[in-house]
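Enquirer: Got a structure for you, written out below as structure tokens; questions coming shortly.
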Amino acid sequence: MLRLRQLIVLSLVMAVSLVGAVPAHAKEIVPNGIIPASQVIDGDAVVYGETVVVEGTVKGDLLAAGQDIRVTGTVGGSLIVMGYGQSFLNGQVGGSAYVTGAFVELGSSARVGRNAYIVGRTLTMRSGSVVEGFLTATAVRGWISGEVGQQLRTAVGVLYVDGKIGGGTGGASQ
């Protein structure tokens, strides 16, 4: 368990430092962990809390941090999810998605406009979910039933794939 947490923290630090998607001056900081469906944030946002729920629209980049994170709204830019419990994405992301959590799930309505980078104990990509670019994932166990537009790159102990992979697969899956 400690090793998984170390891997998640290291992956998160690498993602943030390489991408620079975390806004230095977020237009909106939401400490209560909730962006309701009726809320529209015109720029970048940071939302945090033990449980984070994003149902509204963020037109820029979004950083979400907490134990359990649920994003069902729309993010116009990139999405960074720093979860250590369940991280669930079932909304639209215009840019790339960087997601950590013990249990990471892309629901049937999830759509990532660029690449997705995922680190978790388990990864579930439901039928109907789409990553238009590359999917890079590290997990103990994974299920890919959605669509990956380009290549699937993995380091997954046990991986089940019955979805559509546009550019083939690569990695250390067994």
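We did not get these values from a lab; they are worked out from the coordinates using the rules stated. Worth saying up front: this structure is predicted, and the values here are computed from it rather than measured. Cβ placement follows ideal geometry from the backbone for every residue including glycine, while neighbour counts extend to all protein chains displayed.
Enquirer: For a quick check: with amide H placed at 1.01 Å from N, whose amide H comes under 5 Å from VAL53's, ignoring anything fewer than 5 positions away on the same chain?
Expert: Here the answer is ILE34, ILE35, ARG70, since their amide H atoms fall under 5 Å of that of VAL53.
Enquirer: Now, a different point. Obtain the nm distance between the two label points defined at SER109 and LYS164 by a simple spin-label model: each point lies 7 Å from its Cα along the Cα-to-C-beta direction.
Expert: 2.1 nm
Enquirer: Starting from the Cα-Cα distance between ILE29 and GLN150, subtract it from 0.36 nm times their residue separation and give me the gain in nm to one decimal.
Expert: On the way: separation 121, 0.36 × 121 = 43.56 nm, distance 3.38 nm.
Once the chain is fully extended between ILE29 and GLN150, it gains 40.2 nm.
Enquirer: If amide H atoms are built 1.01 Å from N in the plane of the peptide, which residues on other chains or at least 5 residues away come under 5 Å of the amide H of LEU159?
Expert: GLY142, GLN174
Enquirer: Another question, then. From the phi of every residue in the range 60-73, what ³J(HN,Hα) in whole Hz does the Karplus formula 6.51 cos²θ - 1.76 cosθ + 1.60 yield, where θ is phi - 60° and glycine or proline is x?
Expert: Karplus-based 3J(HN,Hα) across the range 60-73 equals x, 7, 10, 10, 10, 10, x, 6, 10, 10, 10, 10, 10, x Hz.
Enquirer: If R0 is 22 Å, what FRET efficiency do you get for ALA37 and GLN67 from their C-beta distance, rounded to 0.05? Intermediate values should be presented prior to the final figure.
Expert: Working: r = 22 Å, r/R0 = 0.99.
Efficiency at R0 = 22 Å is approximately 0.50.
Enquirer: What is the sum of charges around GLN150, taking Lys and Arg as +1, Asp and Glu as -1, for the other residues whose C-beta is under 14 Å from the C-beta of GLN150? It would help to have the intermediate numbers written out before the result.
Expert: Values: positive: ARG114, ARG153, LYS164; negative: GLU132, GLU147.
Net local charge, GLN150 excluded: +1.
Enquirer: For TYR98, what residues show an amide H to amide H distance below 5 Å, using hydrogens built from the backbone and excluding near sequence neighbours?
Expert: LEU79, ILE80, VAL81, TYR117
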